[in-house]
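Worksheet: the structure to be examined is printed underneath.
The values are calculated or read from the model by the stated rules, or taken from the named source; none is laboratory data. Predicted model only: the values in this text are computed from it and were never measured. FYI the Cβ positions are ideal-geometry reconstructions off the backbone, even for glycines, and counts take in every protein chain you see. We work out accessible area using only protein heavy atoms, side chains counted, and drop any ligands, DNA or RNA first. Shrake-Rupley method; radii C 1.70, N 1.55, O 1.52, S 1.80 Å.
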Amino acid sequence: PTMAHSQALLVLENFIGGKFVPCSSYVDSYNPSTGDVYCRVPDSGKEEVEAAVKAAKDAFPVWSSKSPLERSQILNKLADLIEHDLEAFAQAESKDQGKTITFARTVDIPRAVHNFRFFASSILHHVTECTEMPTMGCVHYTSRAPVGVAGLISPWNLPLYLLTWKIAPAIACGNTVVAKPSEMTSVTAWMMCKLLEKAGVPPGVVNVVFGTGAKAGEALVCHPDVPLISFTGSTLTAQQITERSAPHCKRLSLELGGKNPAIIFDDADLSQCIPTTVRSSFANQGEICLCTSRIFVQRGIYREFLKRFVTEVKKWKTGNPSDPTVDVGALISKEHLEKVRNYVKKAQAEGARVLCGEGVDPLALPPGNQKGYFMLPTVIAEVKDESCCMQEEIFGPVTCVVAFDTEEEVIKRANGVKYGLAATVWSGSVGRVHRVAHRLQSGLVWTNCWLVRDLNLPFGGMKASGIGREGAKDSYEFFTEVKTITIKH
């Protein structure tokens, strides 16, 4: 690129010890809806992580000794500042990630604001336990203290939303943090850093180091002064994190992939079920760990479901994310788009039927978006359970629909994958939804709805979908160290 062109690019800087620090080398970040480089992200490594950990360590004594109320007030102030700039944050998230402006405005940024408010409130309401042993003349009680420097690694699908879901509880509990957002979606994290001082967050409490997992992530996970790692991302990366952190006995919270089933019984209310299942399959381009990717429909309503489902899917508009009428934006990267398309090709090669979307319907894009990473929402039928399309996480706008006969059979098939994050069950029978919910190997089960969240309750997965839970009580327990104290009187 010419000098003039490269000057127009947004250049991010690391945020360490309350200051923006330039980096010696950078990686390119693309605008997924145009295919152009629009931003340069620091390519941080050991040195930058070292500086950030030192800043976090230095800030820890003062921050951890503040009262929960003082920290709560600062978190609330930060929430107000992000909310004040909601539109700018939403625009930036949409441009950087490819998601629709509508989704960023209504989901990502409001939820990021809520994350700070939620933990600002919950930190004021935790109580510790106490037991008595009158015969021994002893009282036991527990006390909880922050752990130290928390390493936080967040993904590219819900960038600010998932970063704040980690930062908020970590600092609310009195820890200091070194965060590494995805190098593909770093802009909103950098924008948040600009608000920290104004919110009253002391220097060094929140440090953000930008870069790749291989360099910056690795350095953070291997650092001996970072006792705790919270990670959201792929199961493969989580295996590496587990191996690298094992010599240091680190505490891990891992929120990983899913291959989430929707089970639709013949007594389901299709007028509710169909629009919700379209949304649960294709919201945020299907790039949410909770998205539905296997739809099991009872044979009696299979044909009717397919017909109505495909009709609804075809109404979803794919195109320029900044157009408020668009439902499906761009996928995160060229490589990711290729990977998702390959799953559709494999399904076809195995004899499955693609009912709409990729390779079946024409994709018309506005002139400025011809080189973007777009794909139509795609529905595949007659896929075998053992197909990679039914076993592996695709993480794109693709869902597979298959028929089943009995409750017993569908529970077995729904559980027949390595993942266990979320499931949805659609039925008018109260007894049945309870029975099925109890037997699904899944950290979350929604019945007759999807993605209705109470942040108080545990969030997380079973099997290859992760380790640990997050939520008011769960995040508090993860981000604090408990001590049992016995007093003889």
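See the values below:
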| read-out | value |
| --- | --- |
| Check on VAL178, modelled with pLDDT of 95 or more, assigned to a strand (DSSP E or B) and either closer than 24 Å to GLU218 by Cα or in contact with a helix residue (DSSP H, G or I) (Cβ under 6 Å, 6 or more places away or on another chain) (or both) | yes |
| The range 429-487 - residue that is in contact with a Pro (Cβ under 8 Å, 6 or more places away or on another chain) and of a type in the set (Asp, Glu) and, of those, farthest from SER143 (Cα to Cα) | GLU470 |
| The range 472-489 residues that are free of Cβ contacts under 8 Å to residues at least 60 places away in the same chain, paired with ones that are open to solvent by less than 40 Å² (accessible area, probe 1.4 Å) and aromatic (Phe, Trp, Tyr) (beta carbon under 9 Å, 6 or more apart) | ASP474/PHE459 |
| Residue list for the range 291-309, restricted to those being touching a residue at least 40 places away in the same chain (Cβ under 8 Å), open to solvent by 10 Å² or more (accessible area, probe 1.4 Å) and of a type in the set (A, V, I, L, M) | LEU306 |
| From the options GLU392, GLU382, residue that is closer than 20 Å to SER442 by Cβ, open to solvent by 10 Å² or more (accessible area, probe 1.4 Å) and charged (D, E, K, R) | GLU392 |
| Any hit, the range 413-424, residues being assigned to a strand (DSSP E or B), out of contact with any Cys (no Cβ under 8 Å at 6 or more places or on another chain), open to solvent by 10 Å² or more (accessible area, probe 1.4 Å) and not assigned by the TED database to the domain that holds ARG353 | no |
| Close pairs (6 angstrom Cβ cut-off, 6 or more residues apart or separate chains): among the aromatic types (Phe, Trp, Tyr) in the range 151-175, modelled with pLDDT of 95 or more anywhere | TRP156/SER182; TRP156/MET184; TRP156/THR185; TRP156/ILE332; TYR161/ASP108; TYR161/ARG111; TYR161/ALA112; TRP165/ASN115 |
| Filter result (buried (at least 20 other Cβ atoms within 10 Å of the Cβ) and either among the aromatic types (Phe, Trp, Tyr) or not in a loop (DSSP other than H, G, I, E, B) (or both)) within the range 450-469 | TRP450, PHE459, GLY466 |
| Residues within the range 276-286 that are surrounded by fewer than 24 Cβ atoms within 10 Å (Cβ to Cβ) and not β-branched (Val, Ile, Thr), tallied | 3 |
| From the options LYS198, LYS180, residue that is crowded, with 22+ Cβ neighbours inside 10 Å and farther than 30 Å from VAL410 by Cα | LYS180 |
| So TYR141, is it open to solvent by 20 Å² or more (accessible area, probe 1.4 Å) and in a helix (DSSP H, G or I) | no |
